[in-house]
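The values are calculated or read from the model by the stated rules, or taken from the named source; none is laboratory data. None of these values were measured; they are calculated from a predicted model. Backbone-built Cβ (ideal geometry, glycine too); neighbour counts: all protein chains shown. Each accessible area value is taken on the protein alone, full model and side chains, heavy atoms only, with ligands, DNA and RNA left out. Shrake-Rupley method; radii C 1.70, N 1.55, O 1.52, S 1.80 Å.
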Amino acid sequence: MKVTQHIENANGKPLFSFEILPPLKGQNIQSIFDSIDPLMEFNPPFIDVTYHREEYEYKELPSGLLQKKIVKKRPGTVGICAGIQNKYSVDAIPHILCGGFTKEDTENLLIDLDFLGIDNVVALRGDAVKSETYFKPEREGNEFASQLVTQISNLNNGIYLDEDLQNSTQTNFCIGVSGYPEKHMEAPSLDSDIHFLKEKIRNGAEYIITQMFFDNKKFFDFVDKCRKAGITVPIIPGLKPIATKKQLNLIPHRFSVEIPDNLIMEIVKAKDNDAVKQIGIEWCTQQSKELVAAGIPVLHYYSMGKAENIKAIAKEVF
């Protein structure tokens, strides 16, 4: 079922969803199931599965020269989605990236997902590889998420890359895209970011999931700006409880997200990470309750494979 249908069928009841990442290469899918099992009591209608593109590593040869090696540390997104749908009978939503894919690669991936009965995808540009400062698309690949959305929409209309195909089948993907309440780190302003977000909606995206935020006012202001810009699709807030002191520096640096001063000071004063984890749970619980009271249709949690703190929040909210 499409995400938009899940929201419509809920009749105003808030829905719980979460995102997982594939395990490191060498681990099996049971580690994924172990992180999902404790959360199934809250009846998630869908679970997102991230996609992690290749990384470049350099290995020193006996000659002293460096050999470039391509490594994919977290493969398995498609297989995990199939496993989730088979085991739990809930919709699994794979993330699809521009980075690391040609348009033909993307088309073939979408065909596989369609054959598996996957009804939803999240279309993302993706980050630059660690060895590059700025994102570079593959040759013959999509450069922007808006172009990726267009390609998926074309497939939904039976338009494939091979124009000579006869009687081609239409796919029926519901397309989600990302939104940034504090703007994307590369955007010159929030208004310009929303301008390009609107382009993704025009090209066929049907819902938005936001980057994490720790101040609900930023989310509500973002939604208000989107609505004034003519964006009418559901906007799903992305939430993450802070769990370690290290994240005070990591999250702003990695995601260009502000952490409120009062939350920062609580964490600074915490005696250890167990105390930080409890602070993060309490803060995210209050965020969640306020969002539910405001009538937000779905709350989406970035679990990072950790179920314990998400479960503690969900028990208080759902």
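Which of the pairs LYS183/LYS218; LYS25/LYS240; LYS136/LYS240; LYS130/LYS183; LYS87/LYS240; LYS217/LYS289 have their Cα atoms more than 18 Å apart in this structure? Display every interim value, and only then the final one.
Values: LYS183/LYS218 10 Å; LYS25/LYS240 25 Å; LYS136/LYS240 28 Å; LYS130/LYS183 21 Å; LYS87/LYS240 26 Å; LYS217/LYS289 14 Å.
Beyond 18 Å: LYS25/LYS240; LYS136/LYS240; LYS130/LYS183; LYS87/LYS240.
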With the contact rule set at Cα under 8 Å and sequence spacing of 6 or more, what percent relative contact order holds for region 101-208? 30
Label-to-label distance, nm, for residues given as GLU308 and PHE144 (7 Å Cα→Cβ offset): 4.4
Which of the listed residues, GLY230, LEU250, THR50, is farthest toward the dipole's positive end in the chain, when Lys, Arg count +1 and Asp, Glu count -1 at the beta-carbon? LEU250
Three-way shape label, region 160-318, alpha-carbon gyration tensor, a/c 1.5: prolate
Placed amide H near LEU239: partners under 5 Å, 5+ positions off or other chain: HIS300, TYR301, TYR302
Solvent-accessible area of MET185 with every protein chain in place, 1.4 Å probe, in Å² to the nearest 10: 100
Read phi for every residue in region 219-233 and hand back ³J(HN,Hα) as whole Hz from Karplus 6.51 cos²θ - 1.76 cosθ + 1.60, θ = phi - 60°, with x for Gly and Pro. 5, 4, 5, 4, 4, 4, 5, 4, 5, 5, 7, x, 8, 10, 6
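Mind ranking LEU248, LEU24 by accessible surface for me, highest first, 1.4 Å probe?
Values: LEU248 30, LEU24 75 Å².
In descending accessible area the options line up as LEU24, LEU248.
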Suppose the chain between TYR88 and LEU250 were pulled fully straight at 0.36 nm per residue; how much longer would it get relative to their current alpha carbon spacing? 55.0 nm
From the protein chains alone at 1.4 Å, what is the descending order of accessible area for THR171, THR133, largest first? THR133, THR171
Where only protein heavy atoms count, and the probe is 1.4 Å, what is the accessible area per residue for region 121-215 in Å²? 52
Of GLU41, GLU132, ordered by accessible area with the largest first and a 1.4 Å probe, the sequence is GLU41, GLU132
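With a/c under 1.5 counting as rounded, go ahead and sort region 180-254 into rounded, prolate or oblate using the C-alpha gyration tensor (a ≥ b ≥ c being the square roots of the eigenvalues; past the cut-off, prolate if a/b is larger than b/c, else oblate).
Working: a/c = 2.21, a/b = 1.86, b/c = 1.19.
Prolate is the answer for region 180-254, as a/c is 1.5 or above and a/b outweighs b/c.
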Which of the lysines could a cross-linker span from LYS246 if the Cα-Cα distance has to be under 17 Å and same-chain partners fewer than 8 positions apart are dropped? LYS269, LYS271, LYS277, LYS306
With charges set only on the Cβ (+1 for Lys and Arg, -1 for Asp and Glu), what does the dipole of the chain come to about its Cα centre, in debye to the nearest 20? 800
What dipole magnitude, in Debye to the nearest 20, does region 5-162 give about its Cα centre under +1 on Lys/Arg Cβ and -1 on Asp/Glu Cβ? 540
Here the residues of region 1-24 lying in the modelled label zone of VAL292, meaning backbone nitrogen under 19 Å from a point 7 Å along Cα-to-Cβ, are 7-19
Got a sec? Charge dipole of the chain, +1 on Cβ for Lys and Arg, -1 for Asp and Glu; which of TYR207, ASN9, VAL292 is way out at the positive end? VAL292
With every protein chain in place, what's the accessible area of SER35 (1.4 Å probe, Å², nearest 10)? 10
Using alpha-carbon positions, the gyration tensor of the chain gives root eigenvalues a ≥ b ≥ c; with a/c under 1.5 called rounded, otherwise prolate if a/b exceeds b/c, else oblate, the class is rounded
Could you let me know the centre-to-centre spacing of region 1-32 and region 96-148, using Cα atoms, in angstrom? 20
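Specify the longest stretch of the chain that does not include any exposed loop site, a site being one of the trypsin sites (Lys or Arg not before Pro) with a non-H, G, I, E, B DSSP assignment and at most 12 other Cβ atoms within 10 Å.
Numbers: sites that count: LYS130, ARG139, LYS246, LYS271.
Of all site-free stretches, the longest is 1-129.
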Counting other Cβ atoms within 10 Å, which GluC sites (Glu not before Pro) in region 282-313 have at most 11 and lie in a DSSP loop? none
Under the Karplus relation with 6.51, -1.76 and 1.60 and θ = phi - 60°, whole-Hz ³J(HN,Hα) for region 270-280, x at Gly and Pro, equal 5, 6, 7, 6, 5, 5, 4, 4, 5, 4, x
Part-to-part distance (alpha-carbon centres) for region 155-192 and region 226-249, which is given in Å: 20
What is the antiparallel percent of DSSP beta bridges lying wholly in the chain, to the nearest 5? 15
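If R₀ is 51 angstrom, what is the calculated FRET efficiency for the pair PHE135 and ASP274, using the beta carbon separation as r and rounding to 0.05? Intermediate results must be reported in sequence, preceding the final value.
Details: r = 38 Å, r/R0 = 0.74.
The value I calculate is 0.85.
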GLU41 versus LYS225, label points 7 Å from Cα toward the beta carbon: distance in nm? 3.9
Rg over Rh of region 50-157, using C-alpha atoms and the Kirkwood radius, what does it come to? 1.05
